[in-house]
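J.: To start, I am sharing the structure in question, which I have written as structure tokens.
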Amino acid sequence: LLDVAWICLFAVLGRENHADALTPLTVFAVAWPFLVGYVISAIVVNLPRSPRGIRRGAIVWIGMVVIAMAIRTVELGRLPEQAFVIVALVFLGAGMLGIRLLAMFVVWRRRRKRDARIAALSETDEL
């Protein structure tokens, strides 16, 4: 769900950055190729099985952008601008992988605190 929200944010910011009309339809016009690419890539790698996995997230991210750019190429009748491809890769990758890295850090931190509490309890039991 966070990935889809990030894709939509990308579309909103892109429309605002280019001073285009910001309506649900214009946002959808930018987002839909990425959403289609996301769904296809997520199904291929079975993302629901491990939604926080970095490897799966990276495959979905790259697959999504490749599929979206293919759709845009057909839609526009030409290759997308190189700057658009780079911005899409960087922004979407930062969000999709960044949230997974943050989740991994939170889980690691919680486990570390839990293990410290367990160690402290076992020390008091030994006394």
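The values are calculated or read from the model by the stated rules, or taken from the named source; none is laboratory data. Everything numeric in this text was worked out from a predicted model, so none of it was measured. For neighbour counting, all protein chains shown are included, and Cβ atoms are generated from backbone atoms with ideal geometry for every residue, glycine included. Remember, those area values only see protein heavy atoms, side chains included, never the ligands or the DNA or RNA. Shrake-Rupley method; radii C 1.70, N 1.55, O 1.52, S 1.80 Å.
J.: Between Asn46 and Gln82, 0.36 nm times their residue separation minus their Cα-Cα distance comes to what? Please report the intermediate quantities before stating the final value.
T.: Details: separation 36, 0.36 × 36 = 12.96 nm, distance 2.99 nm.
Roughly 10.0 nm would be gained on extension.
J.: So, one more: With every protein chain present, what is the per residue accessible area of the chain (1.4 Å probe, Å²)? Mind dumping the intermediate values first?
T.: Values: 8540 Å² over 127 residues.
Heavy-atom SASA per residue in the chain reads 67 Å².
J.: How would Trp108, Trp61 line up by accessible area, probe 1.4 Å, largest first?
T.: Details: Trp108 125, Trp61 50 Å².
In descending accessible area the options line up as Trp108, Trp61.
J.: Hey, another quick one. In whole Hz, with x marking every Gly and Pro, tabulate ³J(HN,Hα) for region 97-107 from phi via Karplus 6.51 cos²θ - 1.76 cosθ + 1.60, θ = phi - 60°.
T.: 8, x, 5, 6, 5, 4, 4, 4, 5, 4, 5
J.: Accessible surface of Phe105 in the full protein assembly, 1.4 angstrom probe, to the nearest 10 Å²?
T.: Counting only protein heavy atoms, Phe105 exposes about 100 Å² to solvent.
J.: Take the eigenvalues of the Cα gyration tensor for the chain, scale each by 5, and report the square roots as semi-axes in whole Å, largest first.
T.: Details: eigenvalues 321, 47, 24 Å².
Over the Cα atoms of the chain, the semi-axes work out to 40, 15, 11 Å.
J.: Further question: Probe radius 1.4 Å, ligands and nucleic acids ignored: give me the carbon and sulfur share of the accessible area of the chain as a rounded percent.
T.: On the way: 5830 of 8540 Å².
Ligands and nucleic acids excluded, carbon and sulfur give 68 percent.
J.: Same structure, new question: Per 0.36 nm of contour for each residue apart, how much would the distance between Leu22 and Cys8 grow if the chain were fully extended, relative to their Cα-Cα spacing?
T.: Values: separation 14, 0.36 × 14 = 5.04 nm, distance 1.22 nm.
Answer, rounded to one decimal: 3.8 nm.
J.: Convert each backbone phi in region 50-62 into a coupling constant with the Karplus relation 6.51 cos²θ - 1.76 cosθ + 1.60 (shift: θ = phi - 60°), then list the ³J(HN,Hα) values in order as whole Hz, x for Gly and Pro.
T.: Residue by residue, region 50-62 yields 8, x, 8, x, 5, 4, 5, x, 5, 5, 5, 4, 5 Hz.
J.: Please report the accessible area of Val4 (heavy atoms, 1.4 Å probe, ligands and nucleic acids excluded) in Å², nearest 10.
T.: Val4 exposes around 50 Å² with every protein chain in place.
J.: While we're on this one: Pop the C-beta distance of Arg111 and Arg55 into the FRET formula with R0 = 22 Å and round what comes out to the nearest 0.05. Spell out each step's value before the answer.
T.: Details: r = 20 Å, r/R0 = 0.91.
Calculated transfer efficiency: 0.65.
J.: What is the extension gain from Ala103 to Val36, computed as 0.36 nm multiplied by their sequence separation minus the C-alpha to C-alpha distance, in nm to one decimal? Each step should come with its number before you reach the end.
T.: Details: separation 67, 0.36 × 67 = 24.12 nm, distance 2.48 nm.
Extra length from Ala103 to Val36 when fully extended: 21.6 nm.
J.: Keeping every protein chain in place, order Leu101, Leu35, Leu13, Leu92 by accessible area at 1.4 Å, biggest value first, i.e. largest first. Write down the numbers at each step before the final one.
T.: Working: Leu101 100, Leu35 40, Leu13 80, Leu92 0 Å².
Correct descending sequence by accessible area is Leu101, Leu13, Leu35, Leu92.
J.: When only Cα pairs under 8 Å and 6 or more residues apart are kept, what is the percent relative contact order across the chain?
T.: Working: 95 pairs, mean separation 30.5, N = 127.
Once divided by the residue count of the chain, the mean separation gives 24 percent.
J.: In the full protein assembly as shown, how much of Ile71 is accessible to a 1.4 Å probe, in Å² to the nearest 10?
T.: In the full protein context, Ile71 sits at about 40 Å².
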